[in-house]
1. Would you say P464 is buried (at least 17 other Cβ atoms within 10 Å of the Cβ) and at pLDDT below 85?
2. Of everything in region 280-294, what is in a loop (DSSP other than H, G, I, E, B) and farther than 15 Å from I260 by Cα? Give them in sequence order.
3. Give me the pairs, please: first residue somewhere in region 111-124 and on the phi < 0 side of the Ramachandran plot, second residue anywhere and of a type in the set (S, T, Y), beta-carbon distance under 7 Å, and either six or more positions apart or on two chains.
4. For region 126-144, which residues satisfy the criterion of being in contact with a strand residue (DSSP E or B) (Cβ under 8 Å, 6 or more places away or on another chain) and within 18 Å of A101 (Cβ to Cβ)?
5. Would you check if G347 is buried (at least 24 other Cβ atoms within 10 Å of the Cβ) and modelled with pLDDT under 90?
6. Those residues that are touching a Ser or Thr at 6+ places or on another chain (Cβ under 8 Å) and within 14 Å of F29 (Cα to Cα), I need them from region 592-611; list them, please.
7. With in contact (Cβ under 8 Å) with a residue 40 or more places away in the chain, assigned to a loop (DSSP other than H, G, I, E, B) and in contact with a Gly (Cβ under 7 Å, 6 or more places away or on another chain) as the only criterion, which of A193, A151 stands out?
Amino acid sequence: MRPCSDNVTMPPNDVLTEPNQILHELFGFREFRFGQQDAVDAVMQNRDAVVLLPTGGGKSLCYQVPAVAFRRQGKGTTVVISPLIALMQDQVAALSGRGIAAAAMNSHQDDEQRRDVSAQFLKGELDLLYVSPERAALEGFRRMLRKVPVALLAIDEAHCVSQWGHDFRPEYMRLGELRELFSGPTIALTATATPRVMTEIVAQLQMRNPTLVKGDFTRANLAFSVQHLRGDEARLDALIAALDEAGMRSRKGEHGRAIIYCATRKKAEDVAKKLKSANVPCSHYHAGRTQLARSRAQNAFEAGRSKVLVATNAFGMGIDYPDVRLIVHFQSPASLEAYYQEAGRAGRDGEPGKCLLFFGPGDLMTQRRIAEMGPRSEAQRLRGEAALVDVQRYVDSEICRQVVLCSHFTATDDHPRCGRCDVCTGAIVAQDAHPAQKPLVAAVALNGDIRTTITAAVSGLRRPVGKTNLVRALRGSQARPLRRLGLLDMREHGALHAHNERDLVATVDDMLKEGQLARKGRKYPTVWPAGKPVRAVRAPGEIPAPRRTNTMRFGGLRHTDCSRELENYRRRTARALKWKSYMVFQQRTIADIEEKKPVTRDDLIRIRGLGPAKIEKFGEDILEIVRRYYGA
C-alpha cells in the first residue's frame, strides 16, 4: 500500500484504473447516475464533452473519476477551472477525505502555500488541481502547464463563457486558449444552459466535435409553485405560512432546512429581521457582510442552529445540503436558469421538497435596476430582457411548472406532467398582481353542518393546531406536517373536501369571534375548544400515556439513538477537520449503517458512501458506535 494525502493509504496504481472501480472503491457509489457514464466514457476515449446536468445531478464525478484513472494510467493531472474559492476549497477537502490527491491555487493562500501547491503539480503528485479562471489567464500559470502532462481540462460552470448565459464572466472567454498547451480532452459542465448557450460554449472553448450529454431535468420529488403577491407584507405572511407548514418555526424541529432567496442585500436583511421578530430562528447571508459574518451564518445553518437562511444569490454555488426541504424566492430571480439552479438545491436526498416563487410586476423592475448598476454589452442587455420574458412566461403559465422548466433547457415539449406543482394540483394562488384580472371573490363564512363538523374535529384534537392546518386536514390534505400533528387520524379528515380553503378559514375565524372556538397563544394563535384546558387533568390513579420512543429524523429518515450518535460524530469530526458535515459521510450513509449494522471492517465495505479512504479514516470510530448499540 502506498501513502497518500492526509496519511490515507490507497491501493497500488494498477488496481484503480477503471472508472467503475474508482466510482465504487473511492466514491462509494455502485453505479453512475443518468448521463454520468456517457460523459466519463467520452473523456476516457480522449473525446471532448459538454455536460448539461441539473443541479444535484452529479456533474463533479464526470471529471473527478476520469482524473483519478488518468493519473494512475500515467497520463498526468486534471486541471479544473472553478469560479469560486469556497467551492474549490470544499471540493478539495471532500476529495482529500477520500484519499485523492487534490489541491487548489487561489488568492486566499499566502506565497508559501502557493509554492507548495506548484511544487506538487510540477512533480506530478496531484490527481486534480483547481484554479480560478483569472489565474488560468496568467502567463506564469500557462508556463507551468507547458512543463507537465495535463490529462484533462475540466471547466465547471461553463455557462459563464457565454454572453447569453445568466452569469457571464469575461475571464472565461480566454479559456479556449488553453487548448494550445496540451493534447488531452476538455470537458465543460453546467447545470443551466439553454441550447443557444450550449452552442456558444462549444465555440468559445474551441471544443472538437464534443460529445453532448444532457441529463433529465425532471425533479420528481420537487413541488414547484408560484404566488402572485404585490407587497412585502403579503409575502411575509405567505413566507411564515410556508415555514409553518414545513415545520421550521422551531430550532428543535426534525424537518430539514429552508433557504429564502432575495434579489438584494437590503431585502435579505429586512426579511431576516422580520422573521426574527416573528420568532423564526434564521440567519442571513450576502456578499456585503464580512467574511466572519458570512462564515458564522453558514456555520449556524450547517450545524442546524438556524433552520432558515435568508440570502442573496451569493449563497448557493457548490452548496450540497441533502435535507433542504423548502426553497422560497421572496423576489423573482433574473432568469429561469438562475431560478432552476437555486430551486434545485431542495430535496438533494430524494425526499420531497417545495420550491415557492413569490412574484409581482415590481420584481422585474428590480432586476432591471440591478442589471443597470454595472457595465454590460448590448448582447448582455438583450439577453437580460429575454430572460425576464422567460420568467414572466413561467409565472403566468397554465401548464405544468416542471414541463415549462425542462422545456426551457431542452427545447422540447415531450416532458411528462409532474403531478405535484400548483398547476397540476389546481392549487394556483389568485394573481393579485395583475390589474386586468377579475376581482377576487370575497370569502364566505359557512354555517350549519359545516360548523358542526369543525367543532367535532377540534374537540377530538390532542393539542391546539393552526387554523390553516386544521382546514387543510378537513379538506383531505395528506401533507407531512398534518401527519406530525395527528390531523390525518381524525375522523373528520377530508369531510369538507367540497368546500374551498378560503371559505373554511373564514368560518373558523367567525367561530373564534363568536366564542364557539378558543384561540390559544399570542404570537402564533391556534384553535382549541372553548372552555377546555389544553392539558387534560388526569384522574387519581390514572396511568399517563407512554412517551414516544427515543427516535429522531435526519433528512426525512427516522433514526434511533445509534444514528443520533453517528450524526453527532459526523458533526464533531467535520468541525475538527474544517469540513462540511456531508464530506465526512452523508445522511444516507447513516441510514445504511442503521439498516445493515456493520460490526467489522468487511461489513463497512458494503455501506453506501464509504470507500477505503473513509473506512481508513473513520471506520474504527463508526464500528465502536455501532457495537455500543448492537453488540460485536
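The values are calculated or read from the model by the stated rules, or taken from the named source; none is laboratory data. It should be emphasised that the depicted structure is a prediction, and the values quoted were computed from it without experimental measurement. Neighbour counts are summed over all protein chains in view; Cβ atoms, including those assigned to glycine, are modelled from backbone coordinates with ideal geometry.
1. Answer is no for this residue.
2. Correct list: A287, G288, R289, T290.
3. Partner pairs satisfying both residue conditions: F121/T77.
4. Correct list: L126, D127, L128, L129, Y130, V131.
5. Working: buried (at least 24 other Cβ atoms within 10 Å of the Cβ): yes; modelled with pLDDT under 90: yes.
When the stated conditions are applied, G347 passes them.
6. If the condition is that a residue be touching a Ser or Thr at 6+ places or on another chain (Cβ under 8 Å) and within 14 Å of F29 (Cα to Cα), then I607, R608, G609, L610 are the ones that fit.
7. A193
To keep it simple, each residue is scored yes or no on (1) modelled with pLDDT of 85 or more; (2) closer than 18 Å to R257 by Cβ; (3) surrounded by 14 or more Cβ atoms within 10 Å (Cβ to Cβ); (4) touching a strand residue (DSSP E or B) at 6+ places or on another chain (Cβ under 8 Å).
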position: V537; (1), (2), (3), (4): no, no, no, no
position: A545; (1), (2), (3), (4): no, no, no, no
position: N550; (1), (2), (3), (4): no, no, no, no
position: F554; (1), (2), (3), (4): no, yes, yes, no
position: H559; (1), (2), (3), (4): no, yes, yes, yes
position: R570; (1), (2), (3), (4): yes, yes, yes, no
position: K580; (1), (2), (3), (4): no, yes, yes, no
position: T600; (1), (2), (3), (4): yes, no, no, no
